[in-house]
Amino acid sequence: MERIAPPSTDLTDPFWDATREHRYLVQWCTACDQPIFYPRVVCPTCLLDEALEWRPSTGAGVVYAASVQHRPAYPGLADQVPYV
């Protein structure tokens, strides 16, 4: 089976396009200077919609948790287990 591509919309296209180039972008509100995750049409902090942009990640994030899948959630990933 072929893998399922994540859903892509006008809102998320910049993110997915960057991942194909091995870059990680974060949506950002320039009005309140806050990162936004998951991508949205308005800033959840200040509720503005005209101040959103995509910025390259600094790479300074911290991973607090991860899960290892031993049984694939999708049959197309059966040959990839275990995966994180």
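The values are calculated or read from the model by the stated rules, or taken from the named source; none is laboratory data. Given the structure is predicted, the values throughout are model-derived calculations rather than measurements. Ideal geometry is used to build each Cβ from the backbone, glycine not excepted, and the neighbour counts take in all protein chains shown. We work out accessible area using only protein heavy atoms, side chains counted, and drop any ligands, DNA or RNA first. Shrake-Rupley method; radii C 1.70, N 1.55, O 1.52, S 1.80 Å.
Could you do me a favour and compute the accessible area per residue for the chain, 1.4 Å probe, result in Å²? Could you put the intermediate results ahead of the total?
Working: 6660 Å² over 84 residues.
With the other protein chains kept in place, the chain gives 79 Å² per residue.
Using a 1.4 angstrom probe on heavy atoms only, work out the carbon and sulfur share of the accessible area of the chain in %.
On the way: 3800 of 6660 Å².
The computed percentage sits at 57.
Given the options 23, 55, 71, state which has the largest fluctuation in a GNM of the chain using a 10 Å cut-off (strictly under) for Cα springs.
Fluctuation is largest for 71.
Run the helix sum for the chain: -39,500 (n - 2.57) per DSSP H stretch of 4+ residues, divided by residue count, reported at 222 nm to the nearest 500 deg cm²/dmol.
For the chain, the value works out to -2500 deg cm²/dmol.
Stretch residue 8-residue 47 to full length: gain in nm at 0.36 nm per residue minus the Cα-Cα span?
So the extension gain works out to 11.7 nm.
What order do you get for 25-37, 56-68, 5-17 when each peptide is scored by the mean count of other beta carbon atoms within 10 Å, highest first?
Most protected by this proxy first, the peptides run 25-37, 5-17, 56-68.
Among (1) -0.64; (2) -0.77; (3) -0.88, which is the computed log10 I(q)/I(0) by the Debye sum over Cα atoms at q = 0.17 Å⁻¹?
From the options (1) -0.64; (2) -0.77; (3) -0.88, the structure gives (3).
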